[in-house]
Amino acid sequence: MTQERIEVKVFRYNPSVDSKPRFDTFTVPYTQDMTVLDALHYIYENLDPTLAYRWSCRAGQCGSCAMIVNGKPCAACRMQVERGKPLSIAPLTQFPVVRDLVVDTTRAVDRIMKIRPFVERTRKPQRPEIIAQKDIDPVKEFRKCLECWACISACPAVAEAWYEFAGPAMMGKLARLEFDGRDQEDRARIAFLEGLYDCTTCRTCVEVCPKSIDIPSKAIEKLRALVVKSGVGPLEGHLIPIDLIKKIGRSVDKLSPPLLEKLPDVVNPEGEVDEVGFFTGCLIDYRLQETGLDIIETLERNRVKVHIPKDQVCCGSPLFRIGAVDVAEQLVVKNVQAFERLGVKKVVVGCAGCGLTLKLNFPEVAKRVLGREPSFKVHDLTEYLVHSLGLKNLNVKDMKPLQMRITWHQPCHLGRGQGVVKEPLEVLAKIPGVQLAEMREPDRCCGSGGGVRSGRRPLAMAIGRRKTELIMETGAEACVTECPFCQIHIQDSLNQVGAPTKVYSVPNLLAEAYRGGARG
């Protein structure tokens, strides 16, 4: 019986002799539980002994074998080869290639040495020095870092501004020292100077990290909270949404009558099968009112009763992300009480940032402030349609074909943040006439999150330009997403380069199909 084989494309480049890089293709026998490093070993030992790559422990502990596999940075010794799926292997980006898959990481090491990555003391400690468990726990997560630099290679902000933003690994090391009670240096201030507010909190670093270290939540946002508390941060651009939230409960100003002023308290369909609360969020209430109306129409056409509390306010997402935690916590309490008064057990949102905040931050704050977690469960609209309502129960018979070629952008706070990845595509596949043109890197950050759009607009637009290139490659006439922040930012990025592509949300297309297929 012939052994199954896989095709492996490997990046090759020797700067001392090659004029440009190339990819060589090898055929490798597939074995169960085979790793990418196993494939490279086979090529080196049996096919090409000139192949250069770096490895050491083979146990995911040294970080030396980090490389890009099928477009994503990873540790080659831990990445399993999928049966029947070709491999494409390349060196980490952001670093000069020494040879083939070996890169020079001096730039990253020098950047870390600059911050003196060791405990700084102003006085000699007494011996023996006993460290309590409670003082160890806050830094344990960051001690897992292998210095593989996969996060540097994957970070969209580093790709555009590494000289300004030191990157996720650096922020993890600064957090480890800041939260170490023995260290007496102001590490939060150093982080601020090293680009703390350049992070979009897209969580790509968590996704590619061999140890899954949660840099955005456990380092970036906590360091931002410290610089806000000390008065060093946030950035000037962040003061506008903070002031607006304090004054009117929304992160953007009122340009037209808000959606909440147009809606009834309750939408009652005939023959209701379920009931939910609807959390609008700032942008749907004040900017993208049509999206809010489309969400209501979609739920109503699927016989879902919708409660709309008029005393709901900003979820606090912009504040949590930039470190203005005290103000954000007040909003959590107001919103929890607003929905609990209605007695609803399910709350639907149409904004990835709001959904992440309601799922991630609300339970923690409510438990600390109110002594309990919220009594309702939060669902993204597509998540609700697929799992709670049931995709097989979705009202398709009233839809008319749209005849529309689209591509899909996955919001970071929806996919990596909430784990809602397949559901939007499953819903879109139910709309007659819609043709999906798959985008390369549909989950690549657009640059709007983490307060970067308001605080570091040039960086946000630079990241957005990369997204526009990926969208335009598909030839789609429209880009569809499930986040108002992404929708507005991507449309701005497309307009900036003169692209005719329009950006829609999933409920926009659902409602248009229900209304007869006319596109607005």
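The values are calculated or read from the model by the stated rules, or taken from the named source; none is laboratory data. Computed from a predicted structure; not experimentally measured. Note: ideal-geometry Cβ built from the backbone for every residue, glycine included; neighbour counts use all protein chains shown. For accessibility, only protein heavy atoms count, side chains too; no ligands or nucleic acids. Shrake-Rupley method; radii C 1.70, N 1.55, O 1.52, S 1.80 Å.
Of all the numbered requirements in (1) farther than 25 Å from V109 by Cβ; (2) crowded, with 18+ Cβ neighbours inside 10 Å, G71 misses one, and that requirement is (2). Filtering segment 345-367 for residues that are open to solvent by 10 Å² or more (accessible area, probe 1.4 Å), in contact with an Asp or Glu (Cβ under 6 Å, 6 or more places away or on another chain) and farther than 17 Å from V267 by Cβ leaves a non-empty set. For segment 166-176, the criterion of being within 27 Å of the chain's Cα centre (by Cα) and over 21 Å from V232 (Cβ atoms) is met by at least one residue. Please pick out the residue among I152, I130 that is at pLDDT 90 or above and either part of a helix (DSSP H, G or I) or farther than 23 Å from K218 by Cβ (or both). Only one candidate passes the filter, namely I152. Look at V336 and say whether it is modelled with pLDDT of 95 or more, within 26 Å of the chain's Cα centre (by Cα) and within 30 Å of L223 (Cβ to Cβ). Yes. In this structure, is C77 crowded, with 18+ Cβ neighbours inside 10 Å, farther than 25 Å from P29 by Cβ and touching a Ser or Thr at 6+ places or on another chain (Cβ under 8 Å)? The answer is no for C77. No other residue among R107, R111 is open to solvent by less than 70 Å² (accessible area, probe 1.4 Å) and assigned to a helix (DSSP H, G or I) apart from R111.
It is to be established whether one or more residues within segment 104-114 are under 22 Å from the mean Cα position of the chain (by Cα), within 20 Å of M171 (Cβ to Cβ) and among the aliphatic types (A, V, I, L, M). The answer is no; no qualifying residue exists. When you check P29 against the structure, is it within 14 Å of V103 (Cα to Cα) and surrounded by fewer than 17 Cβ atoms within 10 Å (Cβ to Cβ), yes or no? No. Looking across A75, A90, one residue alone is small (G, A, S) and touching a helix residue (DSSP H, G or I) at 6+ places or on another chain (Cβ under 8 Å). It is A75. Quick one: is E236 without any contact (Cβ under 8 Å) to a residue 40 or more places away in the chain and surrounded by fewer than 16 Cβ atoms within 10 Å (Cβ to Cβ)? Criteria not met by E236. Of the strands (runs of 3 or more DSSP E) lying entirely inside segment 1-98, those containing at least 2 residues that are of a type in the set (D, E, K, R) and over 29 Å from the mean Cα position of the chain (by Cα) span 5-12, 22-29. Would you confirm whether or not segment 258-269 contains a residue that is assigned to a helix (DSSP H, G or I), open to solvent by 70 Å² or more (accessible area, probe 1.4 Å) and not aliphatic (A, V, I, L, M)? Yes - at least one qualifying residue is present in segment 258-269. Among the residues making up segment 467-495, those that are among the aliphatic types (A, V, I, L, M) and either touching a strand residue (DSSP E or B) at 6+ places or on another chain (Cβ under 6 Å) or closer than 19 Å to C202 by Cα (or both) are L470, I471, A476, A478, V480, I488, I490. The residues in segment 1-26 that are open to solvent by less than 20 Å² (accessible area, probe 1.4 Å) and either out of contact with any Gly (no Cβ under 8 Å at 6 or more places or on another chain) or aromatic (F, W, Y) (or both) can be counted, and the count is 3.
When T201 is tested against (1) of a type outside the set (A, V, I, L, M, F, W, C); (2) at pLDDT 95 or above; (3) out of contact with any Asp or Glu (no Cβ under 8 Å at 6 or more places or on another chain), exactly one condition is not met: (3). State which residue pairs qualify: first residue in contact (Cβ under 8 Å) with a residue 24 or more places away in the chain and polar (S, T, N, Q) and inside segment 41-63, second residue surrounded by 13 or more Cβ atoms within 10 Å (Cβ to Cβ) and in a loop (DSSP other than H, G, I, E, B) in any location, beta carbons under 9 Å apart, and separation of 6 or more residues or different chains. Every condition considered, the pairs that remain are Q61/L146; Q61/P210. Residue check: is I213 within 25 Å of the chain's Cα centre (by Cα), modelled with pLDDT of 95 or more, closer than 25 Å to V503 by Cβ and aliphatic (A, V, I, L, M)? Against the criterion (within 25 Å of the chain's Cα centre (by Cα), modelled with pLDDT of 95 or more, closer than 25 Å to V503 by Cβ and aliphatic (A, V, I, L, M)), I213 does not qualify. Do we have R182 as of a type in the set (D, E, K, R), on the phi > 0 side of the Ramachandran plot and in contact (Cβ under 8 Å) with a residue 40 or more places away in the chain here? No. The listed residues are F320, F339, and the only one of them that is in contact (Cβ under 8 Å) with a residue 60 or more places away in the chain and open to solvent by 10 Å² or more (accessible area, probe 1.4 Å) turns out to be F320. For segment 155-179, residues that are assigned to a loop (DSSP other than H, G, I, E, B) and closer than 14 Å to C209 by Cα total 2. Residues in segment 229-261 that are touching a Leu at 6+ places or on another chain (Cβ under 7 Å) and among the charged types (D, E, K, R): 2 in all. E147 fulfils the conditions (1) closer than 22 Å to A352 by Cβ; (2) open to solvent by 20 Å² or more (accessible area, probe 1.4 Å); (3) touching a Gly at 6+ places or on another chain (Cβ under 7 Å) except for a single criterion, (1). Among residues of segment 272-289 that are over 17 Å from N395 (Cβ atoms) and of a type in the set (D, E), those with a beta-carbon under 8 Å from a residue that is at pLDDT 95 or above and open to solvent by 10 Å² or more (accessible area, probe 1.4 Å) at least six positions away or on a different chain give the pairs D285/L260. Filtering segment 116-137 to residues that are open to solvent by less than 60 Å² (accessible area, probe 1.4 Å) and in contact (Cβ under 8 Å) with a residue 40 or more places away in the chain leaves P117, V119, E120, P125.
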